[in-house]
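The values are calculated or read from the model by the stated rules, or taken from the named source; none is laboratory data. Model, not experiment: these values are computed from the prediction. Every residue, glycine among them, receives a Cβ derived from its backbone with ideal geometry; neighbour counts consider all protein chains shown.
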């Protein structure tokens with residue numbers, strides 16, 4: 001925690017406009033970390049804690065359970081028909097075996113993030129996804145939307161699997177998310 005604050009202080013001119021903003025951010029970060037310590041096994045509560053932290057820092061509509069996405073930051077400041085996901089979150093509880101690690105990205109968390117991304121791109125015609133973030137609420141793996149576009153949307157093998165998942169041809173198993181993963 002002290003490393004984060006030290007790093008922020010070092011680069012405060014770039015990240016935050018003044019000392020007051022830095023202190024407010026530090027307070028919000030401490031509050032967030034205290035909240036998540038209390039409910040490490042309740043993913044829904046953890047998502048709410050992260051959403052509350054983000055809402056204090058970002059002037060955008062932030063919600064979970066829209067289109068099945070764990071958590072998202074939208075293009076508008078409030079819920080509207082024209083809102084589009086700009087930042088997509090895939091969340092796992094701390095110490096979940098489904099969470100990606102530095103050593104192993106081939107985990108359910110990445111598969112779910114890819115599925116949410118492909119659904120947004122194809123079903124919602126959303127070309128505005130800037131970031132995909134996979135988190136266990138302590139660790140944040142941040143990918144650009146362009147990376148997901150190149151690795152998943154433009155990958156013919158993945159799009160073929162996604163198309164079979166979206167449009168199953170008589171085989172009910174292909175419509176299950178576990179089949180896609």
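General remarks:
- Cβ separations smaller than 7 Å between residues 6+ apart or across chains give the following pairs from the stretch 152-175 residues that are more than 17 Å from residue 110 (Cβ to Cβ) to residues that are in a loop (DSSP other than H, G, I, E, B) and modelled with pLDDT under 80: 174/168; 175/168.
- Inter-residue pairs, beta-carbon under 6 Å, first in contact (Cβ under 8 Å) with a residue 60 or more places away in the chain and in the stretch 128-150, second surrounded by 12 or more Cβ atoms within 10 Å (Cβ to Cβ) and assigned to a strand (DSSP E or B), 6+ apart: 135/91
- Subset of the stretch 51-62 [touching a helix residue (DSSP H, G or I) at 6+ places or on another chain (Cβ under 7 Å) and in a helix (DSSP H, G or I)]: 53, 56, 57
Yes or no, residue by residue, for (1) part of a helix (DSSP H, G or I); (2) at pLDDT below 85; (3) under 19 Å from the mean Cα position of the chain (by Cα); (4) closer than 30 Å to residue 97 by Cα:
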{"position": "9", "(1), (2), (3), (4)": "yes, yes, no, no"}
{"position": "17", "(1), (2), (3), (4)": "no, yes, no, no"}
{"position": "20", "(1), (2), (3), (4)": "yes, yes, no, no"}
{"position": "23", "(1), (2), (3), (4)": "yes, yes, no, no"}
{"position": "27", "(1), (2), (3), (4)": "yes, no, no, no"}
{"position": "30", "(1), (2), (3), (4)": "yes, no, no, yes"}
{"position": "33", "(1), (2), (3), (4)": "yes, no, yes, yes"}
{"position": "36", "(1), (2), (3), (4)": "yes, no, yes, yes"}
{"position": "47", "(1), (2), (3), (4)": "yes, no, yes, yes"}
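- Only residues that are within 25 Å of residue 82 (Cα to Cα) and touching a strand residue (DSSP E or B) at 6+ places or on another chain (Cβ under 8 Å) were counted across the stretch 100-133, and they come to 13.
- Checklist (1) touching a helix residue (DSSP H, G or I) at 6+ places or on another chain (Cβ under 8 Å); (2) within 30 Å of residue 39 (Cα to Cα) applied to residue 121, failing item: (2)
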